[in-house]
1. I need every pair where a residue in segment 28-40 that is among the polar types (S, T, N, Q) has its Cβ under 7 Å from the Cβ of a residue that is assigned to a helix (DSSP H, G or I), sequence separation at least 6 or different chains.
2. Given Ala68, Ala31, which one is small (Gly, Ala, Ser), surrounded by 14 or more Cβ atoms within 10 Å (Cβ to Cβ) and touching a Ser or Thr at 6+ places or on another chain (Cβ under 8 Å)?
3. Report the residue count in segment 1-10 for those that are more than 11 Å from Glu67 (Cβ to Cβ) and either modelled with pLDDT of 95 or more or in contact with a strand residue (DSSP E or B) (Cβ under 9 Å, 6 or more places away or on another chain) (or both).
4. Consider segment 46-65. How many of its residues are surrounded by 13 or more Cβ atoms within 10 Å (Cβ to Cβ) and within 16 Å of Leu24 (Cβ to Cβ)?
5. Go through (1) on the phi < 0 side of the Ramachandran plot; (2) more than 12 Å from the chain's Cα centre (by Cα); (3) among the hydrophobic types (A, V, I, L, M, F, W, C) one by one and return the number of the condition Ala35 breaks.
6. Only one residue in Ala38, Ala68, Ala49, Ala33 is within 15 Å of Pro14 (Cα to Cα) and at pLDDT below 95. Which one?
7. Considering only helices (runs of 4 or more DSSP H) fully contained in the chain, which possess at least 2 residues that are out of contact with any Lys or Arg (no Cβ under 7 Å at 6 or more places or on another chain) and among the polar types (S, T, N, Q)?
8. May I ask you to list the residues in segment 71-92 that are at pLDDT 85 or above, in contact with a Leu (Cβ under 8 Å, 6 or more places away or on another chain) and either charged (D, E, K, R) or surrounded by 15 or more Cβ atoms within 10 Å (Cβ to Cβ) (or both)?
Amino acid sequence: MIVRILGEGQYDVPDSEVDALNTLDDAVEKAVALADEATFRNALAGLLAHVRSHGTQLPDSELVPSEAVLPAEDASVEEVRGLLTDEGMIPG
């Protein structure tokens with residue numbers, strides 16, 4: 001799965017990590033719904049860290065369609081609310 005972190009780049013994350021990403025995405029989504037800033041910061045940081053640690057960053061010269069777009073680490077709750085779909089930010 002190709003995941004873009006806004007302002008950072010794209011990562012190729014193994015399909016075997018999709019369930020873990022969805023669990024982390026659910027935590028972000030719940031924190032956004034509650035407008036709980038501290039929980040939101042922790043959940044977003046955990047999601048981004050998982051992408052970085054389990055994915056391989058693609059070179060900037062290699063642009064491919066992203067299957068998921070994640071906010072930058074400093075994104076606000078409102079910015080993330082705008083990225084959420086019925087499936088959260090991670091499809092599947």
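1. Thr39/Ala31
2. Just one listed residue meets the conditions, Ala31.
3. 4
4. Qualifying residue count for the region: 8.
5. (1)
6. Exactly one of Ala38, Ala68, Ala49, Ala33 is within 15 Å of Pro14 (Cα to Cα) and at pLDDT below 95, namely Ala68.
7. Here the list reads 18-34, 37-54.
8. Once the filter is applied, which keeps residues that are at pLDDT 85 or above, in contact with a Leu (Cβ under 8 Å, 6 or more places away or on another chain) and either charged (D, E, K, R) or surrounded by 15 or more Cβ atoms within 10 Å (Cβ to Cβ) (or both), segment 71-92 yields Pro71, Glu73, Ala75, Val80.
The values are calculated or read from the model by the stated rules, or taken from the named source; none is laboratory data. The structure presented is a predicted model; accordingly, all values stated were derived computationally and were not measured. All Cβ positions, glycine included, derive from the backbone under ideal geometry; neighbour counts span all protein chains shown.
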